[in-house]
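The values are calculated or read from the model by the stated rules, or taken from the named source; none is laboratory data. None of the values given here were measured: they were computed from a predicted structure. All Cβ positions, even for glycine, are placed from backbone atoms using ideal geometry, and neighbour counts span all protein chains on display. All accessible areas refer to the heavy atoms of the entire protein, side chains included, with ligands and DNA or RNA removed. Shrake-Rupley method; radii C 1.70, N 1.55, O 1.52, S 1.80 Å.
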Amino acid sequence: MATKKKPLPTGAGVLASTHPLPDYGAAPAQSREERIEWYRLMYLTRKFEERSYQSYQTGLIGGFCHLYNGQEAVAAGTFAAVTDADPVITAYRDHAHGLMRGIQPGPAFAELYGRATGVVKGKGGSMHYFNVEKQMWGGHGIVGGQTALGLGLAFATKYLGEKKVCFCYMGDGAVNQGTFHESLNLAQLMQIPVIYVIENNMYSMGTAVERHSAPVELYKRALGYDMLGVRAEAQDFDIVRQVSWTLAERARKENMPAILELMTYRYRGHSMSDPQLYRSKDEVEEYRKHDPIEILREKILAEGIINEKDLDSLEEKVRKEVVAAHDWALASPFPAQSEIYTDIYA
Amino acid sequence: MAKIAYRDAVRDAMAEEMTRDSRVFLIGEEVAQYNGAYKCSKGLLDKFGPDRIIDSPISEAGFAGLCIGAAMYGLRPIAEFMTFSFSFVAFDQIVNNAAQIRYMSGGQIKIPMVFRGNSGGGHQIGATHSHAPENIYATFPGLKVVVPAFAADAKGLLKSAIRDDNPVLVIENEALYGRESEVPEGEYLTPIGKANILQDGVDLTIVTHGRSCWTVLEANQELLKMGIRAEIIDLRSIKPLDWPTVFASVRKTHRLVCVDETKPFCGVSSQVAAEVSRACFDHLDAPVLRVTSVEAPMPFSSALEDECIPNVARIIEAVKEVVA
């Protein structure tokens, strides 16, 4: 125990940056339907993972299972700043990124259960969700390994003159991998439109950030590469979306990369087998008071774009969808033995 | 047929494929302004410009990963390692990402790219710079591995590798870059996975690849004088390996010597010996012998180094034992 007290969200939005932030104005206003849909996707992710938590405990899921509970506004807010034509890639805590980029809950559960109907046919599991149709490029198991791939995806969009931006996600522990630093240098040197989103949940597995990183302000890693680094709060969807929009516009218009450090918190352990001896229950409870889904829920109700009754019924529908998806996945067959030898070579 | 140097064949392959397909680009250390550490990309910067011939900082993991990501998105990158000894810095990118992402994505993704560069010992550059890693990479399903020995294959295999929809490692050799050999006129491809019989023979089969082909051909001059006619097979491709050609030859000659520059433990020759002992057991008239690099890091002194990679004396000794 005995790690430092974690900073709680203040509502300040952008907390710090290495250079002045460029002014690309406010992100375009979202329609009523868009806001409700992002809320739905965040709620779906939460309910999907709560069900996954139960499934893991009852032995339905083998191997690892890393949950995103508490971090949902990071994926949602960044995704909502771009379109499904812009590539995204992440590490192994990838359920949210998959579900928010078109993977349906049925194939998502089926993958966790190792079934033939899984999103990657039972060959990848929890850590390897892919949905290339919607530019979701994984789901990667080696910490930091995806940072060079995100660089390459962004390089390709620039090479082809597409004016896109790639969001490449990573946990705070990944900042200590060499590949990340090679990628930062290459990105700035070659002016590649990639945004490295550090999902700073303040723990590298069980090692608190002040115990794993010499500079605890991770956005400052950008300084070593003359790159723009930004730190922002990430429990509020709209804060995340606005700062992501600014950096995405800059990447599109100026081909400039950036680090976006988003301060967030995971409610569950690193993986399912984590007893969380490194932090107190009080700390987790304090953070639960700043829940990203509750925050967006209150906002859209206050905005009057949906009433409580309709929102309740939307949530009820999602819960039923999750149960049905889980049941469907469990009823799905395991892959045929012949599948061992397919998809190795193109 | 005209004779050209191996390095020029490499360059011609890249130039032809870059002219043919705008998705092909080259990145690596010193490939652009310096014209390549071994001059394999001489003139390409002038011809194709800096957007397609790209000098990378010394960051093997970074630029290898960049190429894999770009290939996932649909480009057809060529990543040049100044030497494959440096590819170990990028090992995670090659074996976890290039080799396995297609599988882990359930077949959603193709990775059409090439890793190429120099390899091997014999140049007094020490143990860290002298690896022959084709056996290591060949153990990873998802990768293809080719090792051209002659200019014609340096060009034809590289062109095939660039057009292949999978990650292909084209492992070249410093000792061969300056050597000239015949190259066909006009457009041609050397198929990946097809061995080449360098000499028909009846007394034994010698299976070899890469630089060792040249050493075997040199030893062959002595063998012919001794009245031994070996069938010499250049594997060219390690993964996939042309087993039918190897097995057919052994079933004809009944004797086998494997010669290659990988290490003796779990090397390419180990694999060939194991497969032949299974598939040709009833045809063998002598134990299969292997002539490989030795079980030691590569020493610096030329007096030691020359003994550490297959040489003419060791090849002749093995052949004499097998045909005795």
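B:ILE111: more than 14 Å from the chain's Cα centre (by Cα), touching a residue at least 40 places away in the same chain (Cβ under 8 Å), crowded, with 24+ Cβ neighbours inside 10 Å and not assigned by TED's automatic domain parsing to the domain that holds B:ARG236, yes or no? Considered against the rule, which asks whether it is more than 14 Å from the chain's Cα centre (by Cα), touching a residue at least 40 places away in the same chain (Cβ under 8 Å), crowded, with 24+ Cβ neighbours inside 10 Å and not assigned by TED's automatic domain parsing to the domain that holds B:ARG236, B:ILE111 comes out as yes. Sub-6 Å Cβ pairs linking a first residue in the range B:158-178 that is in contact (Cβ under 8 Å) with a residue 40 or more places away in the chain and more than 21 Å from B:ARG20 (Cα to Cα) to a second residue that is aliphatic (A, V, I, L, M) and surrounded by fewer than 24 Cβ atoms within 10 Å (Cβ to Cβ), at least 6 apart or interchain, are B:GLY178/B:ALA5, ordered by first then second residue.
Let's see how each residue does on (1) more than 21 Å from B:GLY267 (Cα to Cα); (2) modelled with pLDDT under 95; (3) not β-branched (Val, Ile, Thr):
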residue: B:VAL147; (1), (2), (3): no, no, no
residue: B:ALA151; (1), (2), (3): yes, no, yes
residue: B:GLY156; (1), (2), (3): yes, no, yes
residue: B:ALA195; (1), (2), (3): no, no, yes
residue: B:LEU198; (1), (2), (3): yes, no, yes
residue: B:HIS209; (1), (2), (3): no, no, yes
residue: B:GLN221; (1), (2), (3): yes, no, yes
residue: B:LEU241; (1), (2), (3): no, no, yes
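Do we have B:ASN166 as out of contact with any helix residue (DSSP H, G or I) (no Cβ under 6 Å at 6 or more places or on another chain) and open to solvent by less than 20 Å² (accessible area, probe 1.4 Å) here? Spelling it out, B:ASN166 is indeed out of contact with any helix residue (DSSP H, G or I) (no Cβ under 6 Å at 6 or more places or on another chain) and open to solvent by less than 20 Å² (accessible area, probe 1.4 Å). Quick one: is A:ARG40 of a type in the set (Lys, Arg) and in a helix (DSSP H, G or I)? Considered against the rule, which asks whether it is of a type in the set (Lys, Arg) and in a helix (DSSP H, G or I), A:ARG40 comes out as yes.
Residues in the range A:1-48 that are among the hydroxyl-bearing types (Ser, Thr, Tyr) and open to solvent by less than 80 Å² (accessible area, probe 1.4 Å): A:THR3, A:SER17, A:THR18, A:TYR24, A:SER31, A:TYR39, A:TYR43, A:THR45. Can you work out which of the residues in the range A:166-191 that are touching a Leu at 6+ places or on another chain (Cβ under 8 Å) and not in a helix (DSSP H, G or I) is farthest from B:GLN93 (Cα to Cα)? Filtering the range A:166-191 for residues that are touching a Leu at 6+ places or on another chain (Cβ under 8 Å) and not in a helix (DSSP H, G or I), the one farthest from B:GLN93 (Cα to Cα) comes out as A:CYS166. Please go through the range B:37-66 and give me each residue that is more than 13 Å from chain A (Cβ to nearest Cβ) and open to solvent by 10 Å² or more (accessible area, probe 1.4 Å), ordered by number. Those that are more than 13 Å from chain A (Cβ to nearest Cβ) and open to solvent by 10 Å² or more (accessible area, probe 1.4 Å): B:ALA37, B:TYR38, B:LYS39, B:LYS42, B:GLY43, B:LEU45, B:ASP46, B:LYS47. Whenever a residue of the range A:222-248 is within 27 Å of A:LEU189 (Cα to Cα) and surrounded by 24 or more Cβ atoms within 10 Å (Cβ to Cβ), it has no partner that is among the acidic types (Asp, Glu) and modelled with pLDDT of 95 or more lying with C-beta atoms less than 6 angstrom away and at least six residues away or across chains. Among the residues making up the range A:178-205, those that are small (Gly, Ala, Ser) and either surrounded by fewer than 24 Cβ atoms within 10 Å (Cβ to Cβ) or modelled with pLDDT under 95 (or both) are A:GLY178, A:SER204. Close Cβ contacts (under 7 Å, 6 or more residues apart or on different chains) running from residues in the range B:289-301 that are free of Cβ contacts under 8 Å to residues at least 40 places away in the same chain to residues that are among the hydrophobic types (A, V, I, L, M, F, W, C) and open to solvent by 40 Å² or more (accessible area, probe 1.4 Å) comprise B:GLU295/B:PHE265.
Return the residue satisfying two criteria in turn: it lies in the range A:206-221 and is in a loop (DSSP other than H, G, I, E, B) and under 29 Å from A:ALA80 (Cβ atoms), and of such residues it is least open to solvent (accessible area, probe 1.4 Å). Applying the filter and picking the extreme gives A:SER213. Taken across the range A:131-142, residues that are touching a Cys at 6+ places or on another chain (Cβ under 8 Å) and either facing chain B (nearest Cβ under 8 Å) or closer than 30 Å to A:PHE334 by Cβ (or both) do not occur at all. Only one entry of A:GLY152, A:GLY106, A:GLY114 meets the criterion of being of a type in the set (Gly, Ala, Ser) and either facing chain B (nearest Cβ under 7 Å) or open to solvent by 30 Å² or more (accessible area, probe 1.4 Å) (or both), and that entry is A:GLY152. When B:CYS266, B:CYS258, B:CYS280 are checked against the criterion of being touching a helix residue (DSSP H, G or I) at 6+ places or on another chain (Cβ under 9 Å) and crowded, with 23+ Cβ neighbours inside 10 Å, a single residue qualifies: B:CYS258.
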